[in-house]
Amino acid sequence: MVQKIILDCDPGHDDAVAIMMAAKHPEIELLGITTVRGNQTLEKVTRNALNVVQYLDIDVPVYKGMSVPMVIEPRPVEERVHGDSGLDGPQFDELTRTIESKHAIQFIIETLMASDGDIILVPTGPLTNIAMAMRIEPRIVPKIKQIVLMGGCYQLGNVTPSAEFNIWADGEAAHIVFSSGVKVTMMGLDITRKVLALPSVIERMSKHDNRAAKLFCDLMTFFNKGQKKTFGWEGGPLHDPTTVAYLIDPSVITVKSMHTDIEINSEQSYGRTNCDYFLLTDEPKNSDVAIDVDVEKFWDIVEECISLYE
């Protein structure tokens, strides 16, 4: 069954790979790409999304979304691993693709309202666009089939000891999404740190003679330098594509149902995803949290997606 999705992102090296995977795989129908401030400013991540779709000749509309979080002041951008542009590494031609005139939130609302409840939202950045859409038009909430997001962790954060970047960047938005009643599937750092784009992975993908393979290798070569400098890893974790891989083949990720709430009141732990892993409370299980990943199968899916390009 083909999955209809809206990919809400902040490209970002790993977001770019998620776009590449979602655009061509026969199991996915990519209805649109929406952008949000996260890894870089809204202007830069939107330009990055347009560069990716132009480079790969992807015929999917791109909509610009929120430039600031719902409540807090904008967080610093992630130049440590994504560079000044947010997508350093590849060389892109002069940009001719343009964004749609409609705002991302308007697109999300109108698309969901006109749907049969069969659309999955796939946010791989801060959840500002999704939460704002829910607040502006609450009738979309029961229309969302599910939300498969990259964000959070039930163990260790990556911007603070307790918080992952996407949730920390707009904790109030995450609170709205996780408490909305929509089924949320969370791909957190607990499993994304296992899918490292090691040099051997880059070499494997480089054997495909197409633009997708070249883009992947250029992206990961730069990404790995930043990850090595910041975290000491030989390969960068390919966080965001875990969402698309899961939709293509759910057996690649093991999930566990549990209650998750978002810490928005603490200074020290703001943005923490408090996941009730051991089911210690009677709170409703509002999330399927990823707890393991079949690394070999994941890279097989990434390679399959790359091979679909000419």
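Between 216, 1, 86, the Cα set farthest toward the positive side of the dipole of the chain (charges on each charged residue's Cβ, about the Cα centre) is that of 86. About its Cα centre, the dipole of the range 3-307 is roughly 200 debye, where the only charges are +1 on Lys and Arg Cβ and -1 on Asp and Glu Cβ. Each other residue within a Cβ distance under 14 Å of residue 64 adds +1 if Lys or Arg and -1 if Asp or Glu, for a net charge of +1.
Using only the Cα atoms, work out Rg/Rh for the range 1-145, with Rh taken as the Kirkwood radius, to two decimals. Over the Cα atoms of the range 1-145, Rg/Rh equals 0.95.
How many angstrom lie between the Cα centre of the range 20-65 and the Cα centre of the range 122-197? If we compute the Cα centre of each part, the gap is 18 Å. Taking the convex hull of the alpha carbon positions in the range 95-153 and averaging its projected area over all directions gives 5.2 nm². Annotation: amide H-H contacts under 5 Å for residue 118 (H modelled 1.01 Å from N, sequence separation of 5 or more, or interchain): none.
Sorted fewest first by neighbouring Cβ atoms within 10 angstrom, 168, 233, 299 come out as 233, 299, 168.
The residue list 111, 307, 168 was ranked by how far each Cα lies along the charge dipole of the chain toward its positive end, using unit charges on Cβ atoms, and 168 comes out on top.
Here the Karplus curve 6.51 cos²θ - 1.76 cosθ + 1.60, taken at θ = phi - 60°, turns the phi angles of the range 32-41 into couplings of x, 10, 10, 10, 8, 4, x, 4, 9, 4 Hz, with x standing for Gly and Pro.
Simple rule: put +1 on each Lys or Arg Cβ and -1 on each Asp or Glu Cβ in the range 22-103, find the dipole, and look at 50, 74, 95; the Cα lying farthest toward the positive end is 74. Taking each DSSP H run with n ≥ 4 as -39500 (n - 2.57) and averaging over every residue of the chain yields -10500 deg cm²/dmol at 222 nm. Here residue 285 is the anchor, and the lysines within straight C-alpha reach of less than 19 Å, apart from those fewer than 8 places off in the same chain, are 145, 183, 256.
Computed from the C-beta positions of residue 200 and residue 84 and an R0 of 41 Å, the FRET efficiency is 0.90 to the nearest 0.05.
Taking GluC sites (Glu not before Pro) across the range 212-308, the ones in a DSSP loop with at most 14 further Cβ atoms lying within 10 angstrom of their Cβ are 234, 267. Report the FRET efficiency, 1/(1 + (r/R0)^6), for residue 159 and residue 4, where r is their Cβ-Cβ distance and R0 is 25 Å, rounded to 0.05. So, using R0 = 25 Å, E works out to roughly 0.20. Packing, taken as the mean count of other beta carbons within 10 Å per residue, orders the peptides 3-10, 246-253, 282-289 from highest to lowest as 3-10, 246-253, 282-289.
The calculated FRET efficiency for the pair residue 92 and residue 209, based on their C-beta separation and a Förster distance of 25 Å, comes to about 0.80. For a paramagnetic label modelled at 7 Å from the Cα of residue 146 toward its Cβ, which residues of the range 267-310 fall within the zone defined by backbone nitrogen distances under 12 Å? Of the residues in the range 267-310, 287-290 have backbone N under 12 Å from the label point off residue 146. Per-residue 3J(HN,Hα) values for the range 266-278, derived from phi via the Karplus relation 6.51 cos²θ - 1.76 cosθ + 1.60 with θ = phi - 60°, read 8, 6, 5, 10, 3, x, 5, 8, 7, 9, 7, 4, 8 Hz in sequence order (x marks Gly and Pro).
Please label the shape of the range 3-307 as rounded, prolate or oblate, based on the square roots a ≥ b ≥ c of the eigenvalues of the alpha-carbon gyration tensor (a/c under 1.5 means rounded; beyond that, a/b larger than b/c means prolate, else oblate). Cα axes put the range 3-307 in the rounded bin. In order along the range 155-171, the Karplus-derived 3J(HN,Hα) couplings, from 6.51 cos²θ - 1.76 cosθ + 1.60 at θ = phi - 60°, round to 10, 10, x, 10, 10, 9, x, 10, 10, 8, 4, 4, 6, 4, 5, 7, x Hz, and Gly and Pro are given as x. For the range 194-310, the equivalent ellipsoid derived from the alpha-carbon gyration tensor has semi-axes of 32, 19, 11 Å in decreasing order. Database remark: amide H of residue 236 closer than 5 angstrom to the amide H of 197, 224 (H placed geometrically; neighbours at sequence offset of 5 or more, or on other chains; Pro and chain starts carry no H).
The stretch between residue 136 and residue 297 holds 54.0 nm of extra length on full extension. This uses 0.36 nm per residue minus the Cα-Cα distance.
Laboratory data are not the source of any read-out in this text; all were calculated from the coordinates shown. Treat the numbers as computed from the prediction; the structure is a model and nothing was measured. Please note: Cβ atoms are built from the backbone with ideal geometry, for glycine as well, and neighbour counts cover all protein chains shown.
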